[in-house]
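The values are calculated or read from the model by the stated rules, or taken from the named source; none is laboratory data. Small disclaimer: the values here were computed from a predicted structure and weren't measured. Glycine gets a Cβ as well: all are built from the backbone with ideal geometry, and neighbour counts include every protein chain shown.
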């Protein structure tokens, strides 16, 4: 399955392809003024999903910039930090920051169930101008230095477990 762009101008096709590679999405207006969007998921399914979400929900540059700066967490900073410290994570590690970001995204309702670890790490890599392999290595290292190292479970399960622990921590703070 796919969307095909047909035209006789090779430069136009190259321009569209370059925009798709860079942004993951491009909008084209037809003669009647209706907008049509092309979404590129060839290399980054998760990024394409977030691009579509940005278009639908209206997440502009401000939202994108806030996602890119994942070391700046907002209202649940304390709960997330407390849970990560409880499990022995070194907060200075890049992999820990990536895990904190993914936990935060999970808490905000972003559904990573369909994309698995690869999709999550590709998304973090895209927002941090890194590669999937660097993010994966950094996350594995952060987990190996924590108290969760001996569990030998997938990182997606660890992220879900940490998100649930943060939810419980936030509920206990609200009750206080």
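Scanning segment 100-137 for residues being in contact with a helix residue (DSSP H, G or I) (Cβ under 7 Å, 6 or more places away or on another chain), surrounded by 17 or more Cβ atoms within 10 Å (Cβ to Cβ) and part of a helix (DSSP H, G or I) gives a total of 20. Per the conditions (1) in a loop (DSSP other than H, G, I, E, B); (2) modelled with pLDDT of 80 or more, the sole criterion not satisfied by residue 140 is (1).
For every residue, the table says whether it meets (1) under 21 Å from residue 154 (Cα atoms); (2) at pLDDT below 60; (3) touching a helix residue (DSSP H, G or I) at 6+ places or on another chain (Cβ under 7 Å).
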residue	(1), (2), (3)
27	no, no, no
60	no, yes, no
76	no, no, yes
85	yes, no, no
98	yes, no, yes
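Answer yes if at least one residue in segment 141-150 is touching a residue at least 24 places away in the same chain (Cβ under 8 Å), surrounded by fewer than 19 Cβ atoms within 10 Å (Cβ to Cβ) and either farther than 20 Å from residue 116 by Cβ or in contact with a strand residue (DSSP E or B) (Cβ under 9 Å, 6 or more places away or on another chain) (or both), and no otherwise. Within segment 141-150, one or more residues are touching a residue at least 24 places away in the same chain (Cβ under 8 Å), surrounded by fewer than 19 Cβ atoms within 10 Å (Cβ to Cβ) and either farther than 20 Å from residue 116 by Cβ or in contact with a strand residue (DSSP E or B) (Cβ under 9 Å, 6 or more places away or on another chain) (or both). When segment 101-121 is filtered for residues that are over 16 Å from residue 154 (Cα atoms) and at pLDDT 85 or above, the ones remaining, listed by number, are 101, 104.
The residue list 91, 157 contains one member that is at pLDDT 85 or above, surrounded by fewer than 20 Cβ atoms within 10 Å (Cβ to Cβ) and part of a loop (DSSP other than H, G, I, E, B), which is 91.
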